[in-house]
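What follows is calculated from the coordinates using simple rules that are stated; it is not laboratory data. As the structure is a computational prediction, the values presented were derived from the model and not from experiment. So basically every Cβ, Gly included, is an ideal-geometry build from the backbone, and we count neighbours across all protein chains shown.
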Amino acid sequence: MADSTLTSLPPHHPQCLGCGPDNPAGLHLAVSRDGDSVVTDVTFDKRHRGAPGLAHGGAISAACDDLFGFVLYVVEEMAVTRRLTVDYLAPVPLGQPHRITAGLQRRHGRRLHLEATGTGHDGITRFTAEALFVVVDHHHFAPHGLEADVQAMFTRPQRRDRKDR
């Protein structure tokens, strides 16, 4: 679904499970900013199968979590997932496009409360998600040897999401 008001956002990194273009098992989400929200159109395929003909709940959850990561570009914060809850409202058929929209609902100190909705192109809302993210600095990732990679992800010049600069 192409929208002229959307601004394309870069993937977190090439191997990201959600948005990485180089991850053969990934979801390959192409994410855009729409005002204070982010959106992606996803079509789950046979790699994401749970029950016959349906997307696995874990694939749906991964898509929501990854999209929440793009909200961090919008709010200009580095944060990590503390809690993620998905309400599965209806089965999600494989091969059918769904739009997921996510955004910040409220902030309390370092806590970011995020919400997402997944709606099929047929207009049926099939899942919703809520997450609590906690703001951290790049030192949070130092024990894992990823500090520089994470810092680069949040400071790279290709962050085309900011039209106001």
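Once you reduce the range 96-127 and the range 29-72 to the center of their Cα atoms, the two points are 10 Å from each other. Using the Cβ-Cβ distance between residue 22 and residue 99 with R0 set to 30 Å, the FRET efficiency from 1/(1 + (r/R0)^6) comes to roughly 0.80.
A Förster radius of 35 Å combined with the Cβ-Cβ distance from residue 136 to residue 90 puts the calculated FRET efficiency at roughly 0.50.
With a ≥ b ≥ c taken as the square roots of the eigenvalues of the C-alpha gyration tensor of the range 1-94, please select rounded if a/c is under 1.5 and otherwise prolate if a/b is larger than b/c or oblate if it is not? Because a/c hits 1.5 or more and a/b exceeds b/c, the range 1-94 counts as prolate. Label separation (residue 82 vs residue 111): 0.5 nm, computed from points 7 Å beyond Cα along the C-beta direction. Based on Cα contacts under 8 Å between residues 6+ apart, the range 7-155 shows a relative contact order of 20 percent.
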